[in-house]
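Beneath this line is the structure, given in structure tokens, with notes to follow.
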Amino acid sequence: MIGLIILGIIALVAIVTVQIGRLTELSAKIRGEEEVQLQINRSSANGLVLFGATFLVACVWSALYYKNYMLGYGPHTSASVHGASLDSLFNWTLFFTGVVFFATQIALFWFAYKYRRTKTSKSVFLDHDNKLELIWTAIPAVVMTFLVVGGLDAWNKVMADVPENGTAVLVPQSDEEYLEIEATGYQFAWDLRYPGEDGRLGTKDFRLINLGNNPLGQDWTDEKNLDDFMPGEIVLPVGRTVRVRITAKDVLHNFYLPHFRVKMDAVPGMPTYFVFTPQVTTEEYRERLKNTPEYNQPDPDSPDKMKWETFEFELACAELCGKGHYSMRRVVKVVEEREYKNWLSKQQSYYKTQVRGTDSDPNLDKVLSYEIKERREEFNQAVEKALTAEVTDDKVIRLNYVTFETGSDKLTDLSKYELENLIEVLGRYPNMKIEVAGHTDSTGEEESNQTLSNNRANAVFNYLVNNGKIDANRLTARGYGQNRPIDTNDTEEGRSKNRRTEFKILTQ
Ligand SMILES: [Cu+2]
């Protein structure tokens, strides 16, 4: 509809112009050609001066009117450490180009007026002038040199990599430490990756990419990958150096953080990076906006909030990468360290939640170092609880990760981690005496189940004595066969709970 109206207007203007042209022709015939031409020249010259003046005033007025929305002005001074030098470079460039702009525009419209054709005017011819040539070559050359050198200085600040002896960590505490994150662009989103507790991003191989549960092609045999997590937004601690690894999977994208004055192409197959230090938190930036009339008014998108309250820093793709380009926007939050740590504690490793235990997990036959740690904590907690229990029946602790080869009393290799935990506890409490108990489900003969459970309890007993150098007097081993189920024997789930090894604290 609006399109039609605009077309209609254009058509009308065209008709009016043509009609005016005809009128002029007609009146020229009546009044004589030359007189009319002079009249037109006069009004054109006046019109041009008026237009020029209005145009320049509008330029200044709009710049002042919109200044609070523009990066680098009003409340939008840079939120990163290096950003101020870029802003000042912009201002210098604006100053020089501004001077030239006003000078040339004023000259253009003034000349059009001054040298309009009159009855007495004569053309003036200027000869070649070496002095003039020299002046208008030398001045721009000097100004350009000044701007380029300033630009290089700013560029070197932005592109300086982190110092070689710096350390990548998840929660940087000093200037020597930095946080390294990664952004992978694709049509139309960013996969963001944080390094997890070890502070290091794990290695990738494009051949491992699997859109189901490995979108980045992380190599799960690299321990550094196991704790990496992929959040939907960027959260950064204020005042700490951040290095961003930037890459893309399909076409060119561009990682642009306007408020921090950093911007870098994301190129498929060619990793790029930049380093910056956010120095203003989202909250502080909102406070700045609060004092600006433009932002201190209701936000049309969220009814009961003001514009400054809903402000967020953002990540935008600054490359026209396709139809859904706009949807690559992501929120960036800069927060105090405490809040950052709080956010970190809610993030979950991609590997642990999406890959561990699935068919695409290459570590199925291993207990991973983080699991060893988690299991030790779980075990120690169970022991603490049992030690404080009042009833002997509650002093039973199940050895969840002690397993045997099917139908045999041979301990699996992976059982040793749990047994090491038990040995450690027996070492810590030298007076503790325990009973190791074996249980089976009700599948098969009762008698053979009894034997199997005896043998399994003995296998644990022997491991503790031989490998843990635990005094045999502190241990008893007993098989209970299928007589003490803790769940139904009718389902596989129940049976797997009934097949178990546990120990009871007899003396502590
Ligand atoms: Cu893009």
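Values quoted throughout were computed directly from the atomic coordinates according to the rules given, and no laboratory measurement underlies them. Predicted, not measured: the structure shown is a model, and the values here were computed from it. Counting neighbours? That spans all protein chains shown, and the Cβs are built from the backbone with ideal geometry, glycine included.
Ratio of segment 38-84's C-alpha Rg to 2.2 N^0.38 Å, to two decimals?
In units of the 2.2 N^0.38 Å rule of thumb, it is 1.97.
If packing is taken as the average count of other Cβ atoms within 10 Å, what order do 14-21, 222-229 fall into, highest mean first?
Ranking, from highest mean packing down: 222-229, 14-21.
Could you give the spread of the C-alpha atoms of segment 157-271 along their three principal axes, from largest to smallest, in whole angstroms?
38, 32, 24
Can you give me the distance in nm between label points at ASN68 and SER44, each placed 7 Å from the Cα along the Cα-to-Cβ direction?
Using points 7 Å along Cα→Cβ, the separation is 4.4 nm.
Which of HIS439, GLN279, GLY269 sits farthest toward the positive end of the charge dipole of the chain, with +1 on the Cβ of Lys and Arg and -1 on the Cβ of Asp and Glu?
Positive-most Cα among the choices belongs to GLN279.
Given the Cα atoms of segment 168-355, and with Rh set as the inverse mean 1/r over their pairs in the Kirkwood sense, what is Rg to Rh to two decimals?
Across segment 168-355, the Cα-based Rg/Rh ratio is 0.98.
Along each of the three principal axes of the Cα atoms of the chain, give the extent in whole Å, ordering the values from largest to smallest.
Taking the Cα atoms of the chain, the three principal extents are 130, 53, 46 Å.
Just report the Cα centroid separation between segment 337-385 and segment 136-180, whole Å.
For segment 337-385 versus segment 136-180, the Cα centre distance is 39 Å.
Using the count of nearby Cβ atoms within 10 Å as a rough guide to exposure, how do ARG375, ARG193 rank from fewest to most?
So the residues, fewest neighbours to most, are ARG375, ARG193.
For each pair in LYS263/LYS346; LYS224/LYS385; LYS67/LYS290, compute the distance between the two Cα atoms and list the pairs where it is over 23 Å.
LYS263/LYS346; LYS224/LYS385
Assuming a ≥ b ≥ c are the square roots of the Cα gyration tensor eigenvalues, decide whether segment 7-56 counts as rounded (a/c under 1.5), prolate (otherwise, with a/b larger than b/c) or oblate.
Oblate, since a/c reaches 1.5 and b/c is not below a/b.
Please arrange LEU192, LEU252 by counting, for each residue, the other beta carbons lying within 10 Å of its beta carbon, fewest first.
Listing LEU192, LEU252 from fewest to most nearby Cβ atoms yields LEU252, LEU192.
Given the peptides 203-209, 126-132, 335-341, arrange them by the average over their residues of other C-beta atoms within 10 Å, most packed first.
For the peptides 203-209, 126-132, 335-341, the packing ranking is 335-341, 203-209, 126-132.
Distances over 23 Å make up what percent of all Cα-Cα pairs in segment 392-488?
23 percent
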